[in-house]
Amino acid sequence: MCGIVGYVGTQSAQNVVVDGLRRLEYRGYDSAGVALVAQGQVASAKKEGKLANLEAELAAHPLPESGTGIGHTRWATHGAPNDVNAHPHVSRSGRVALVHNGIIENFAALRTELEAEGITALSETDTEVAAQLLGREVDNGADIAEAMRTVCRRLEGAFTLVAVDAQAPGRVVAARRNSPLVVGVGEGENFLGSDVAAFIEHTREAVELGQDQMVEITADSWTVTDFDGNPADATPYHVDWDLSAAQKDGFDWFMRKEIHEQPRALADTLLGRHAEDGSLTLDEIRMPVSELRSIQRIVIIGCGTAHYAGMVAKYAIEHWTRIPCEVELASEFRYRDPIVGPQTLVVAISQSGETADTLMAIRYAQEQGSKVLAICNTNGSTIPRESDAVIYTHAGPEIGVASTKGFLTQVLACYLLGLYLAQIKNTKFGDEIAAVVAELETMPAKVQEVLDAQQRVLDLAAAFADNPSVLFLGRHAGYPVALEGALKLKELAYIHAEGFAAGELKHGPIAVIDKDLPVFVVVPPRGRDMLHDKTVSNIQEIRARGAQTIVLAEADDDTVAPYADVLIGLPKVSTLLQPLVATVPLQLFACELATVKGHDVDQPRNLAKSVTVE
Ligand code: F6R
């Protein structure tokens, strides 16, 4: 949440910063602003609403040329999304400008302290106290870097702060605790960003900062310290994707592009992770095999779509490993005093690697003695860095706010983990594991088949554009698919949508069914007859009550065809792997329905990608 950019170099800082904000806008789009250091002064501009409003303001009232600047795109927490609350915030003397991502939890006490000195806040934000504190320090003679350290030592909560000082041209200072910040290392120029998308068109060399670290960049240097000024280690890395991955490539939305990238994302996530004989080679897991063998219980945590990926994983991991596996919302986990310890493996799923709820949950689990394995898509992010082990999904950058390829690759990574545990615990024979791996290898092509047949789903979305409510039903691994279908529709089309376990219908939800209510039903493959047949009975029950049934089933499933108003054919796959193909039509449906309704699919209202506040 909130995107942050910093730049020092010979290019126009305004252009570099605004371009960076454009790539980070998915992190928040309530307002945007920039501040530059020019002619011994801070010059700034900020505007409520999307970045386009700021760009119009800058075109109308250009800022002076400068090679030193910072910028921010906001997802509002404290204070309404308006011009005054927009970042950057400038200190009372006008010398310091600051942008912030996170929440300063002790801001009220700090604000009272400042008010006692006659420094009254202009905005309703928590951020402004940090700007005023920094300003007070430099006005009292501190160097901006020293001032930043002093202020950070006083702040509680989560923050990435990036600041410039009118009297320190050519320098940008930044600090982080519990919120993301990476350095981009260029030649004769350096960058800061909430993530590498901020500077990917200029450099693919990045440095990940640790907890409670501060960095100062000039055109030729980057220096990392802790909050006491001691030199600190930070980890340089090479970004393995480039600018083209962060562009729409002719699609109308990033989301649609990312849905279409799923075959490649799955193939890349599988690549190099098994030998020719089908045995798993997850060398990147930094945990000894003996330790993994001793795991007695698995707890999977995640939020939103990542949580649903965990729900899919539970069916597969328990089936293959016979290790009891629970799935829990990361935001609930640490507040209920969960029973976890050294023999529990906590699996934290996060596309961004920065979700605050998940991060706090893994810290809690580690305090209780559990090992944490992250499944993550973002190299250099906090969750994999703080975890004991990691399996990266190789989906490439996900920019659409609604997660799509993130979900499919998370599910795939969970399958790989389950098979790997089955291999080292000998709960499956080698040939059984090899058979699943062989089927996984076919999944990119099967997802492509679903994409190739998408027209039917797109037409359906146009036909249902005015429906106020949609239900999604599924059983077994199809149940989380139903939940994910409903979440996508809620967040993009802003209509009421709910996912239910098909068997629960008779226990209450069937009361909402009436004539014309569209109900999507995910039907398990026919191989597991009981599951399949029970779901077909559920379809008959809802049809008898007048609902319209949109059935996702194997394309040649003639047992279900008579009860389907619309049949969306799926390729033949085994039950546990069906979520990889069954989710795709639901993603397309939500994307198209939101498009038809005229919504901004990539930036749905009230949302932001990367939820870095609890
Ligand atoms: C929904 C969606 C969110 C995220 C959730 C977790 O489309 O994108 O529900 O899945 O905020 O995000 P990560 O995976 O980054 O931890």
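The values are calculated or read from the model by the stated rules, or taken from the named source; none is laboratory data. Everything quoted here is computed from the prediction, not taken from an experiment. With ideal geometry, Cβ positions are generated from the backbone for all residues, glycine too; neighbour counts draw on all protein chains shown. These accessible areas exclude ligands, DNA and RNA; they are computed on the full protein's heavy atoms, side chains included. Shrake-Rupley method; radii C 1.70, N 1.55, O 1.52, S 1.80 Å.
Summary of computed values
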quantity	calculated
Environment charge at Leu329 (Cβ cut-off 13 Å; Lys +1, Arg +1, Asp -1, Glu -1)	-3
Vicinal HN-Hα couplings computed from phi for the stretch 365-371 (Karplus, 6.51 cos²θ - 1.76 cosθ + 1.60; Hz; Gly/Pro x)	4, 5, 4, 7, x, 7, 8
For the stretch 254-451, alpha-carbon Rg over 2.2 N^0.38 Å	0.96
Percent carbon-and-sulfur accessible area, the stretch 455-596, ignoring ligands, DNA and RNA, probe 1.4 Å	53
Label-point separation, Leu122 to Asp533 (7 Å along Cα→Cβ), nm	7.3
Fully extended contour minus Cα-Cα distance, from Tyr494 to His599, at 0.36 nm per residue	36.9 nm
Added length on full extension, which subtracts the Cα-Cα distance from 0.36 nm per residue, Asp139 to Lys572	149.0 nm
For the stretch 455-596: Kirkwood Rh in Å [reciprocal of mean 1/r, alpha carbons]	14.6
Arg74, Arg22, Arg297, Arg322, ranked by accessible area, largest first (probe 1.4 Å)	Arg322, Arg22, Arg297, Arg74
Under 11 Å, Cβ to Cβ, from Pro88 - net charge with Lys/Arg +1 and Asp/Glu -1	+1
Carbon/sulfur fraction of accessible area - the stretch 254-451, other protein chains in place, 1.4 Å, %	52
Relative contact order (percent, whole number), the chain, Cα cutoff 8 Å, 6+ residue spacing	12
Burial ranking of peptide ranges 228-237, 35-44 (average Cβ count within 10 Å, highest at the top)	35-44, 228-237
Charge tally in the Cβ shell below 10 Å around Ala145, where Lys, Arg are +1 and Asp, Glu are -1, Ala145 excluded	-2
Compactness relative to 2.2 N^0.38 Å, alpha carbon Rg of the chain	1.00
D_trans [Stokes-Einstein, Kirkwood Rh over alpha-carbon pairs] for the stretch 102-187, 10 °C, 1.306 mPa s, µm² s⁻¹	117
Nearest-10 value in Å² for the accessible area of Glu504, using the 1.4 Å probe	90
For the stretch 15-103, alpha-carbon Rg relative to the globular expectation (2.2 N^0.38 Å, N residues)	0.99
Derived scalar couplings ³J(HN,Hα) [the stretch 456-469; Karplus, 6.51 cos²θ - 1.76 cosθ + 1.60; whole Hz; x for Gly, Pro]	4, 5, 5, 5, 4, 4, 5, 5, 9, 4, 9, 6, x, 7
Whole-Hz couplings from phi, Karplus 6.51/-1.76/1.60, listed for the stretch 183-198; x for Gly and Pro	9, x, 9, x, 9, x, 7, 9, 9, 10, x, 5, 8, 5, 4, 4
Length released on extending from His238 to His78, taking residue separation times 0.36 nm less the Cα-Cα span	54.1 nm
Shape of the stretch 49-169, Cα gyration tensor, a/c cut at 1.5	oblate
Between 0 and 90°, nearest 10: helix 405-425 axis offset from the chain longest Cα axis	70
Accessible solvent surface per residue of the stretch 163-248, calculated while the other protein chains remain in place, 1.4 angstrom probe, Å²	36
1.4 Å probe accessible area per residue over the stretch 486-614, in Å²	37
The stretch 244-263 versus the stretch 68-138: alpha-carbon centroid distance in Å	36
Built amide H within the under 5 Å cut-off of Ile568, gap 5+	Val551, Leu552, Ala553
0 to 90° range, to nearest 10: angle between helix 127-139 axis and the chain longest Cα axis	30
The chain: angle of helix 107-116 to the longest principal axis, Cα-based, in degrees nearest 10	20
Semi-axes of the equivalent ellipsoid for the stretch 113-247, Cα gyration tensor, largest first, Å	28, 16, 14
Mean projected area (nm²) of the alpha-carbon convex hull when the stretch 3-246 is viewed from all directions	11.5
Segments 217-227, 175-185, 105-115, 402-412 sorted - mean Cβ within 10 Å per residue, highest first	402-412, 175-185, 217-227, 105-115
Solvent-accessible surface (1.4 angstrom probe) belonging to Phe429, in square angstrom, nearest 10	150
